[in-house]
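Trainee: Following this message is one structure expressed as C-alpha cells.
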C-alpha cells in the first residue's frame, strides 16, 4: 500500500506523518515542513501514474492553476516539486471536515447554508476573474473550517478560459470535445453532454450543492451515472418545502438548463445570496451607487467635470441617514468596468444606480441623469438639466433631492442637519479647478498629486472663500505627511492651517472636523481634542465612510482599541468594498489585533483587486510574519518592496523580517540604505527602527523610535499594539515613549 511506503519517509523537506485520503490523481498526506516547522498537506501522485504523461500534466496543471488563485476562500498552494521520482504538491493543511461530511446527516439550516455558499461564490468570483473554471465543484471539494470559514480545494479538472500569465500557457487542453469530466451529480447540462462550457457551469454546480444543503437530497437522481446524467439534462428539481421565495428564485436561476438563462456571474450570485442573509432592515433600506458620468463633450479635459459632479452627488447623498450610499472608490471602479446595470448592481450590492452624462459648451453644461433599478434595469427617474457652470452646486442638490424623493426618504431636518452652505454662486474657473484637482488627487501618483495641488491653489486664488478647496488641500498635505512625501511636521502643520481655514468658512464640514482630529493626533498627541473633533464630525455626518475611517485611525487605534477599529472599518467596507486603501487599513488593524490570518485574507483580497499594488503584498507579508511563517513573509514583503519602487515604508518592514529570519546581512544592508538616505533628506525614522528591532539591537531601535516621536512620524502611532515591541513593554525607555505621546494614562 502506498500509505505504508510513504508514511515516515521524508519527501523534499517534508516528513510524511499520515495518509488523509485519496484523490482523483493521488493520495493526500499530512506532513511536517522541517524548514518552517508547520503542518502541510502533500498531494502525491500515485505510483505507476508518474509515467502517464496525461496524468502528470493534469497533476502539474492543478498546482499551477490553484497557485495562481490568491483568495481567502481558496486553498493555498505552497509549491510543486519532485523528489526521488515522486511528484508532489505542498499545500495548506486544514484539519477540518468537508461540506459532504456536514450534509451527510441531512439538510442544514437555511441561513447557515447560505453563509457557506456565499463564500464559495466569492472564491468563484476570483477564479473566474483569472479565467479559471473549476469544473468539479462538489461538497467534498469544499472544506468548512471553525467559524464556518470555507476553503475551495482541488482544481485538478480546472480549465483556463483566458490566457493567464502565471500559468504555463504551453500546456495543451487535457480534455477533448465530447469527453465528460467532473463528478456526475453536480455536472451542468452542458458538461453532462460533453459540450464546451464556461464559468456558468460552475454556477450550476454550486446551485446543485446549495439545493442539497437545503433539501438534504440531491436535485437530480438516478440508479446510476447514466440515469443521473439523463435527469440533469431533462428534469426540473422538486420544490423544497418551506423555502423562501428569494432563495427559491436563486436556485431556479442557478439550475436552468440553458446557460444563457442561468445566473450570469459569480458576483451576481454572491450579491443575490448576500441580500437573502442580510438583516431585513438592511434589505429594505434603500441603496444607491453613483457611477462616474459619461463625458459627451469630446474633450478629455472634461473627464474631471464628470467625475467631480458624480463625487459631489455622492457627498450630498451621504447626508441622508436612511440611504446606503456606495463610496466613490468602489462605485467608480465598477463604473469603469463597462458592466450592465444588473451586473454592476450585483458587484456593488445596491438596489439602484444613478448614471448620467455631461456635455459642456462654453459656460453652460447639460446633464442627463437617470436612476435605474438594478434588478431589472427599470428606469425609475430621469431628468435633463441645462445650467450655467456657476449653478453646478445647486444642480448637485437638485439631483440628490430628486433621488431622495424617488426612494421615499427625506433629508435630515433636525438641529444636527448640515446646511448646504456652499450652495452659492461660485467662480466658474474656481469650481472647474476644484473638480479638476479632485480628479487628479483620486489617481494618487506623485505626478497627479502635484497637479492636484496646483489645481486647488488655482481655485483658492480665484475664490478665496472656497471652503472645499481648503479642505482638499488639507487632505492632500495630510496624505503627503503620512506617506512620507514631505516631512510630517511640515506637512501636518500646513494641513492644519488649511483645515482650520476651511472650517472658518464652513463649520459644517464633517469630514474636515474628522481630519482635524487626525491632525491633533499627529502633531500634538492631544487626545481630548481628537475626541472632540470626532464627536463633531459624527454629529454632522454620521453616515460618512471617511468620518468612520478617520475615527478608527485616530481615536481608536492609538489607544489599542483595535477590535473596535476593525468593526468600524468593516462598516466602511459595507459602502466601499472595492477600495484597496480601506482594505489595507483593515489588514493593518487585524495585524495589530494579533489576527495574522485575517491580515493574510485581506492581503489576498487586495491582490485579487490589483495584483500589482504593493499594499496587498505588504498585508500578506506582515500577516505571515505575525503567524511565524518567515519564508512566506520574506517573499511577500520582497514583492511589495519591488512594486513600491523601494519605498522606505516597505524597506523597513522587509528589514524587520530579514532580521527575524536570520538574514542579518540583508537586514543591515537595508538599514544602511535608510540611514544614508536620512542623512540627505527625510526618511521615516520608524522604518529604520524596524530593522534594528529585527536584529534585536534595542539600543539603536530606541534611538530611532525617539526620533520618530520628535519628527512626528505617523508610523509610530500604533506603538501599543505592535507585536514585535512586546519584549520591551516593561522597559523604561518604552514607557518614556508612551509618556511623550500622552498615552501613559491608558498604558
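Trainee: Has region 719-731 got at least one residue that is at pLDDT below 95, in a helix (DSSP H, G or I), within 33 Å of the chain's Cα centre (by Cα) and under 20 Å from residue 478 (Cβ atoms)?
Mentor: no
Trainee: Quick one: is residue 546 surrounded by 20 or more Cβ atoms within 10 Å (Cβ to Cβ) and either assigned to a helix (DSSP H, G or I) or assigned by TED's automatic domain parsing to the domain that holds residue 348 (or both)?
Mentor: Taking the combined requirement at face value, the residue satisfies it.
Trainee: Look at region 357-378 and say how many of its residues are farther than 30 Å from residue 273 by Cβ and surrounded by 16 or more Cβ atoms within 10 Å (Cβ to Cβ).
Mentor: Residues flagged as farther than 30 Å from residue 273 by Cβ and surrounded by 16 or more Cβ atoms within 10 Å (Cβ to Cβ) within region 357-378 amount to 8.
Trainee: Hey, among 674, 628, 691, which residue is more than 26 Å from the chain's Cα centre (by Cα) and closer than 29 Å to residue 37 by Cβ?
Mentor: 691 is the lone residue from the list that is more than 26 Å from the chain's Cα centre (by Cα) and closer than 29 Å to residue 37 by Cβ.
Trainee: For residues that are crowded, with 21+ Cβ neighbours inside 10 Å and out of contact with any helix residue (DSSP H, G or I) (no Cβ under 8 Å at 6 or more places or on another chain), tally how many sit in region 622-660.
Mentor: The qualifying residues number 1.
Trainee: Whether any residue in region 328-341 is modelled with pLDDT under 80 and in a helix (DSSP H, G or I) is what I want to check.
Mentor: Within region 328-341, none of the residues are modelled with pLDDT under 80 and in a helix (DSSP H, G or I).
Trainee: Within 15 Å of residue 622 (Cβ to Cβ), surrounded by 23 or more Cβ atoms within 10 Å (Cβ to Cβ) and touching a helix residue (DSSP H, G or I) at 6+ places or on another chain (Cβ under 9 Å): does that describe residue 667?
Mentor: Values: within 15 Å of residue 622 (Cβ to Cβ): no; surrounded by 23 or more Cβ atoms within 10 Å (Cβ to Cβ): yes; touching a helix residue (DSSP H, G or I) at 6+ places or on another chain (Cβ under 9 Å): yes.
Against the criterion (within 15 Å of residue 622 (Cβ to Cβ), surrounded by 23 or more Cβ atoms within 10 Å (Cβ to Cβ) and touching a helix residue (DSSP H, G or I) at 6+ places or on another chain (Cβ under 9 Å)), residue 667 does not qualify.
Okay, residues lined up against (1) part of a loop (DSSP other than H, G, I, E, B); (2) buried (at least 23 other Cβ atoms within 10 Å of the Cβ); (3) modelled with pLDDT of 85 or more:
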| site | (1), (2), (3) |
| --- | --- |
| 203 | no, yes, yes |
| 206 | no, yes, yes |
| 209 | no, yes, yes |
| 217 | yes, no, yes |
| 223 | yes, no, no |
| 230 | no, no, yes |
| 236 | yes, no, yes |
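Trainee: In region 259-275, what residues are within 19 Å of residue 244 (Cα to Cα), part of a helix (DSSP H, G or I) and more than 22 Å from the chain's Cα centre (by Cα)?
Mentor: Residues satisfying the conditions do not exist here.
The values are calculated or read from the model by the stated rules, or taken from the named source; none is laboratory data. Note that the structure is a prediction, hence the values are computed from the model and not measured. Glycine gets a Cβ as well: all are built from the backbone with ideal geometry, and neighbour counts include every protein chain shown.
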